[in-house]
1. Under the rule a/c < 1.5 gives rounded, and otherwise a/b versus b/c splits prolate from oblate, where does region 298-368 land using the Cα gyration tensor?
2. Mind telling me which of 324, 189, 78 comes out most flexible in a GNM of the chain, alpha-carbon contacts under 10 Å?
3. Restricting things to Cα coordinates, could you compute the convex hull volume per residue of region 203-272 in Å³?
4. Dipole magnitude of the chain about its Cα centre, charges +1 at Lys/Arg Cβ and -1 at Asp/Glu Cβ only, in debye to the nearest 20?
5. To the nearest 20 debye, what is the magnitude of the charge dipole of region 49-289 about its Cα centre, counting +1 on the Cβ of each Lys and Arg and -1 on the Cβ of each Asp and Glu?
6. Please rank 122, 129, 201, 288, fewest neighbouring Cβ atoms within 10 Å first, as an exposure proxy.
7. Given the rule -39500 (n - 2.57) for each run of at least 4 DSSP H residues, summed and divided by the residues of the chain, what is its mean residue ellipticity at 222 nm, to the nearest 500 deg cm²/dmol?
8. Using per-residue counts of other Cβ atoms within 10 Å, averaged over each peptide, order 307-320, 332-345 from highest down.
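Values in this text are rule-based calculations from the coordinates and carry no lab data. From a predicted model like this one, the values you see are computed outputs, not experimental measurements. Positions of Cβ are backbone-derived with ideal geometry, glycine not excepted, and every protein chain shown enters the neighbour counts.
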Amino acid sequence: SEGVGKDADGVLTVAGLDVTELAATVGTPAYVIDEADLRARARAFAEAFAGWNVYYAGKSFLCTAVARWVAEEGLGIDTCTGGELAVARRAGIDMATVGLHGNNKSVEELVAALEAGVGRIIVDSFDEIARLGHLAGELGLRPRVMVRVTTGVEAHTHEYISTAHEDQKFGFSIAGGAAAEALALCQADERLDLVGIHSHIGSQIFDAAGFEVAARRTLRLHADFATEHGVELPEMDLGGGFGIAYTSQDAPSTPAQLAAAMNRIVDTECAALGVARPQLSIEPGRAISGPSGFLLYTVGTVKRVRLDGGASRLYVAVDGGMSDNIRTALYAAEYSATLASRRSAAPPTLARVVGKHCEGGDILVRDEFLPADVTPGDLVAVPAAGAYSRSMASNYNHVPRPPVVSVRDGRVTTLVRRETLDDLLALDVG
Ligand code: LLP
């Protein structure tokens, strides 16, 4: 009863539970998480990166249960808003293992982080350094601070999820000198406890060279700081961004391979620069939550559309859409889909899985071969949809957001309940 697979009748099963039964219990659409799988991925990072601190990036998906699971597996939690911080707090996570990111944290968010006693606040602008110093002074608290830097690395991923080239909103530029200036400011401010440098180059990255170049530039900055200020900062974070397989075309590295590569580069560079190895950390999100979750839908309508040249495509419309997973529409992300409720002997046909929203861009899976007899009432699953789906969900067209359920040892648990129309209408107070 391990993992996700198909039974003798062609029905998709997750941790020993048939999705037909799951759909009958919780309805569709639903986000389904294989708890054991998510925990195993968290544990794999903790084990491979022994000696490092691993922070789970909550932006990929966060709820109180998942926060507790990753904490139980030995991870901290990276939050980037007061909302994510509130979830970690409600989950009862040790705040010393929580960090707060953000390029424009509000005063309320900074105060919440200070009062909660988070383990680190990653500062991202000169405005914020001044603001945080002021608030810390007023509250008589001395936050542990990291400085987010821009390494100038081209991460070879979609522009919107690439964060280390110069012309984007995050970080202080190393090449431009702002990073050294920000570090000096934090170091000089007695209200702040500067602990290290933070670099994150982007997301869904397969090319290890990007991480290596970023680590090298960040360590050089660390060494330059030591020379100038006479102190080696105790910590350093090299971010997240490790790519996962969305389709069979993708071949991601394992945590062990990533750890080996990153340890090698850190050791080599530290020796070359003559500095001690700082306490290192990483912040994987997608690589933990992504492969562990899938979206489960019911087919509502099927339409065959003629294409130029005589071919045709089957438009398979399901009961959700871009409001529960906008990644295909926003990043041209590629997913696969599978008929989940039965076996079919029908020949595969070129299909497109679309949603129920009122726009043509409402595509979940752009190109997939599905059995030609796909019909209303069938269940369709979209694998590897655990990251940046529910966490980026919207209420476009006043569609309530689906629930998040987990399955473990054949039993289903609702983690986040299905939104109702009453929930949505309750906000409309005009
Ligand atoms: N640390 C920092 C500072 C980050 O900005 C991010 C992601 C992470 C860690 C985690 O990255 P991961 O390991 O999950 O790749 N919505 C986009 C992804 C945005 C990522 C933003 N930052 C998507 O759906 O592809």
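1. Details: a/c = 1.66, a/b = 1.25, b/c = 1.33.
Judged from the Cα gyration tensor, region 298-368 comes out oblate (a/c at least 1.5, b/c at or above a/b).
2. Looking only at 324, 189, 78, the biggest GNM fluctuation is shown by 189.
3. That works out to 83 Å³ per residue.
4. On the way: 38 positive and 55 negative charges, 163 e Å.
Dipole size: approximately 780 debye.
5. Details: 18 positive and 31 negative charges, 81 e Å.
The calculation lands at about 400 debye.
6. On the way: 122 24, 129 20, 201 29, 288 33.
Fewest to most other Cβ atoms nearby, the residues stand as 129, 122, 201, 288.
7. Values: 12 runs with 131 residues, N = 430.
Computed ellipticity for the chain at 222 nm equals -9000 deg cm²/dmol.
8. On the way: 307-320: 15.5, 332-345: 18.4.
Result, highest mean first: 332-345, 307-320.
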